[in-house]
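Each reported figure results from applying straightforward, stated rules to the coordinates on display, with no laboratory input. Computed from a predicted model, the values in this text were never measured in an experiment. Positions of Cβ are backbone-derived with ideal geometry, glycine not excepted, and every protein chain shown enters the neighbour counts.
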Amino acid sequence: MMKSLQFDFSTVRAVTFDAGGTLLTPHPSVGEVYAEILRGYDIIRNPLELESAFQSAFSSISKNPAVLDPDEREKDFWRQVVRETMKESPIPTSQFDNIFINMWDSFSHADRWRVFDGSHEILKTLRDRGYWLGVLSNWDQRLHSVLEETGLSDLVESVVISVEVGVEKPDSGIFRAAETMSGMPPDALLHVGDSRHHDLVGARDAGWSGILIRNDEGPADPPSIGRLADLIDVLPGPRSPAQEIV
């Protein structure tokens with residue numbers, strides 16, 4: 001049993017979760033999906049090489065603030081990511097737009113995502129314990145359909161995504177938006193995610209509690225857990241109405 005005494009979340013009444021890397025992950029991988037879509041256009045690429053190129057592109061490209069419309073800014077960002085991913089063997093210009101839209105649309109559906117084992121059960125358990133639950137993610141509007149098709153949206157009270165709020169984690173603005181939806185003060189909220197910078201630091205800067213999911217990788221310094229299932233041991237059990245935070 002993990003040492004839950006290193007955490008003190010006794011004031012927590014609401015929990016928000018990051019989406020990608022926390023509740024779900026691309027399936028079977030971005031590289032595999034890209035390679036499959038490209039094969040439909042008679043373009044053959046190695047999935048492992050695509051995955052490596054994607055990870056490099058995703059971590060190096062920033063969103064263009066000059067694109068003012070949030071939805072268009074997201075699409076512009078992903079176009080750049082795809083172009084950079086394919087730079088060693090570029091997609092023919094005449095085919096790029098169609099291929100990009102196919103890739104974009106593909107990741108708006110559940111069959112391109114795998115929900116981490118036990119996620120549904122963990123959310124149900126926390127909800128039964130009386131916690132208010134939400135999703136808080138740097139994502140675009142495609143997240144709504146992904147959560148609906150995976151059954152995750154039925155287990156949370158709200159979904160707050162950056163493209164609709166206008167700011168991204170770690171900016172406190174997106175945490176304030178979720179805070180307003182929960183109707184609770186900052187010290188009653190806990191955010192769970194897999195990014196130290198976006199999730200843990202963002203939550204702390206907003207006055208929330210935060211906990212990092214390492215997915216059994218990385219340093220074990222608190223507040224962190226190896227996997228999402230460990231959250232059940234960290235948060236208190238059922239709370240009586242007398243324990244509600246006013």
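Here the translational diffusion coefficient of the chain follows from Stokes-Einstein with Rh set to the Kirkwood radius across Cα pairs; for 37 °C and 0.692 mPa s it amounts to 171 µm²/s. Out of every Cα-Cα pair that the stretch 28-111 contains, those further apart than 22 angstrom amount to 21 percent.
Between His191 and Thr16, Ser209, Gly210, Ile211, the built amide H atoms are under 5 Å apart, and every one of these is 5 or more places off in sequence or on another chain. Our coupling estimate for the stretch 149-161, obtained by passing each phi through the Karplus curve with A = 6.51, B = -1.76, C = 1.60 and θ = phi - 60°, is 6, 8, x, 6, 5, 6, 9, 10, 8, 8, 10, 10, 10 Hz, Gly and Pro reported as x.
Tell me, Thr16, Thr22, Thr180, Thr11 in order of fewest to most beta-carbon neighbours within 10 Å?
Thr180, Thr11, Thr22, Thr16
Only bridges whose two residues both fall in the chain count here: according to DSSP, what percent of them are antiparallel, nearest 5? Taking every DSSP beta bridge with both residues in the chain, the antiparallel ones total about 15 percent. Note that the stretch 42-57 has calculated 3J(HN,Hα) couplings of 6, 10, 9, 9, 6, x, 5, 5, 5, 4, 5, 5, 5, 4, 5, 5 Hz, one per residue in order, obtained from phi through the Karplus relation 6.51 cos²θ - 1.76 cosθ + 1.60 (θ = phi - 60°); glycine and proline are x. Available extension along the chain between His109 and Asp205 is 31.3 nm, counting 0.36 nm per residue and deducting the alpha carbon span. Between rounded, prolate and oblate, where does the stretch 53-154 land on the alpha carbon gyration tensor, with a ≥ b ≥ c its root eigenvalues, rounded for a/c under 1.5, else prolate if a/b exceeds b/c? In terms of gyration-tensor shape, prolate.
Pairs of lysine residues in the chain that meet both criteria, 8 or more places apart or on different chains and Cα atoms under 19 Å apart, total 5.
Rounded to a whole number of µm²/s, how large is the Stokes-Einstein D of the stretch 144-214 at 25 °C and 0.890 mPa s, given Rh as the Kirkwood radius over C-alpha pairs?
Rounded to a whole number, D works out at 195 µm²/s.
Remark: the stretch 22-34, residue by residue, has Karplus-estimated 3J(HN,Hα) of 10, 9, 8, 9, x, 9, x, 5, 4, x, 5, 5, 4 Hz, where x stands for each Gly or Pro and the curve is 6.51 cos²θ - 1.76 cosθ + 1.60 at θ = phi - 60°. With 0.36 nm allotted per residue and the present C-alpha distance subtracted, the Leu68-Ser10 stretch has 16.8 nm of extension available.
Close amide H contacts of Val159 (hydrogens built in the peptide plane, cut-off under 5 Å, sequence separation of 5 or more or a different chain): Val135. From least to most packed, judged by other beta carbons within 10 angstrom and beginning with the fewest, His120, His197, His191 follow the order His197, His120, His191. Amide H contacts under 5 Å for Ser224: Leu212, restricted to partners 5 or more places along the chain or on a different chain, H placed in the peptide plane at 1.01 Å from N.
Given only helices, namely DSSP H runs of n ≥ 4 each adding -39500 (n - 2.57), what is the per-residue ellipticity at 222 nm of the chain, to the nearest 500 deg cm²/dmol?
The helix-only estimate for the chain comes to -11500 deg cm²/dmol at 222 nm.
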